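Taking it in order: structure first as structure tokens, then the write-up.
The values are calculated or read from the model by the stated rules, or taken from the named source; none is laboratory data. A quick note: this is a predicted structure, and the numbers were derived from the prediction, not measured. Heads up, the Cβs are rebuilt from the backbone with ideal geometry, glycines too, and the neighbour counts pull from every protein chain shown.
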Amino acid sequence: MTLTKATLVLAIERIAAAMERDFSELNASDGALGDGDLGVTMTRGMRAISEMKNDLPDDIGLALLQCAQAFTKSSGSSYGTLMATGLMSAAKTLKGQTDVEISQISELVAAGRDKMQQRGKAELGGKTVLDSLDAVAKATAGLETAFAVADAAAKAVDQALDDFRDKPATIGRARIFGEKSIGMDDPGMLAMQRIVKAAAAR
């Protein structure tokens, strides 16, 4: 099985529905360690993408570029910027492709992680969305079926939250809360968990 425009549209629909569903939870999680608007950022971004999903080109790279641009226009938040950065990384790699091999997912996620890391000037291990993406990239490496990739990715984002919950945040706005962040999920990691599990239908 390969990823096509139809696959992308289906993922967009699932993620958009999940962001609407988790709007209040994401805002509350972000409110404990940040601005309290992560739910707003994610729902606005996915609504913007949803409005154009049926008009996306068959070229997956160009489609992802348009999704990144739509997300950027919908929100000026730092998380929105990072999301767009990750999408643009994949867009550049996949430009000209209408079918994407499932086995490419790991390297696409890893490349997106690296670009987001450069943009945010952050390090792995700081209890951020980068750690979730790192877990997904490693868990899906070498897998070649849609079921295996989806299952591994969904389990990886769950495990990342568990692994970092009892650690302090050392990067981003959450770091100012220091010890208070111990025992709490990072909002960005929580959002990525919902994104990945929705896309994977898990």
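Okay, here's what the table says:
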read-out	value
Check on residue 145, farther than 23 Å from residue 56 by Cβ and touching a Ser or Thr at 6+ places or on another chain (Cβ under 6 Å)	no
Identity of the residue in region 53-86, assigned to a helix (DSSP H, G or I) and among the hydroxyl-bearing types (Ser, Thr, Tyr), that ends up modelled with the highest pLDDT	85
Residue 3 at pLDDT below 95, closer than 16 Å to residue 78 by Cβ and among the hydrophobic types (A, V, I, L, M, F, W, C)	no
Single unsatisfied condition, residue 6 versus (1) closer than 24 Å to residue 189 by Cα; (2) surrounded by fewer than 16 Cβ atoms within 10 Å (Cβ to Cβ); (3) not aromatic (Phe, Trp, Tyr)	(1)
Exclusive hit being within 29 Å of residue 92 (Cα to Cα), in contact (Cβ under 8 Å) with a residue 40 or more places away in the chain and under 16 Å from the mean Cα position of the chain (by Cα), set 46, 42	42
Residue list for region 104-118, restricted to those being over 15 Å from the mean Cα position of the chain (by Cα) and at pLDDT below 95	118
Check on residue 43, part of a helix (DSSP H, G or I), more than 23 Å from residue 202 (Cα to Cα) and touching a helix residue (DSSP H, G or I) at 6+ places or on another chain (Cβ under 9 Å)	no
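Residue-wise test of (1) buried (at least 17 other Cβ atoms within 10 Å of the Cβ); (2) touching a helix residue (DSSP H, G or I) at 6+ places or on another chain (Cβ under 6 Å); (3) of a type in the set (Lys, Arg); (4) closer than 18 Å to residue 97 by Cβ.
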position	(1), (2), (3), (4)
1	no, yes, no, yes
27	yes, yes, no, no
38	yes, yes, no, no
69	yes, no, no, no
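For (1) of a type in the set (A, V, I, L, M); (2) within 22 Å of residue 146 (Cα to Cα); (3) touching a residue at least 24 places away in the same chain (Cβ under 8 Å), each residue gets a yes or a no:
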residue	(1), (2), (3)
12	yes, yes, yes
29	no, no, yes
50	no, no, yes
58	no, yes, yes
79	no, no, yes
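Table: residues versus (1) over 21 Å from residue 12 (Cβ atoms); (2) polar (S, T, N, Q); (3) surrounded by 23 or more Cβ atoms within 10 Å (Cβ to Cβ).
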position: 78; (1), (2), (3): yes, yes, no
position: 83; (1), (2), (3): no, no, yes
position: 88; (1), (2), (3): no, no, no
position: 97; (1), (2), (3): no, yes, no
position: 104; (1), (2), (3): no, yes, no
position: 111; (1), (2), (3): no, no, no
position: 124; (1), (2), (3): yes, no, no
position: 138; (1), (2), (3): yes, no, no
position: 146; (1), (2), (3): no, no, no
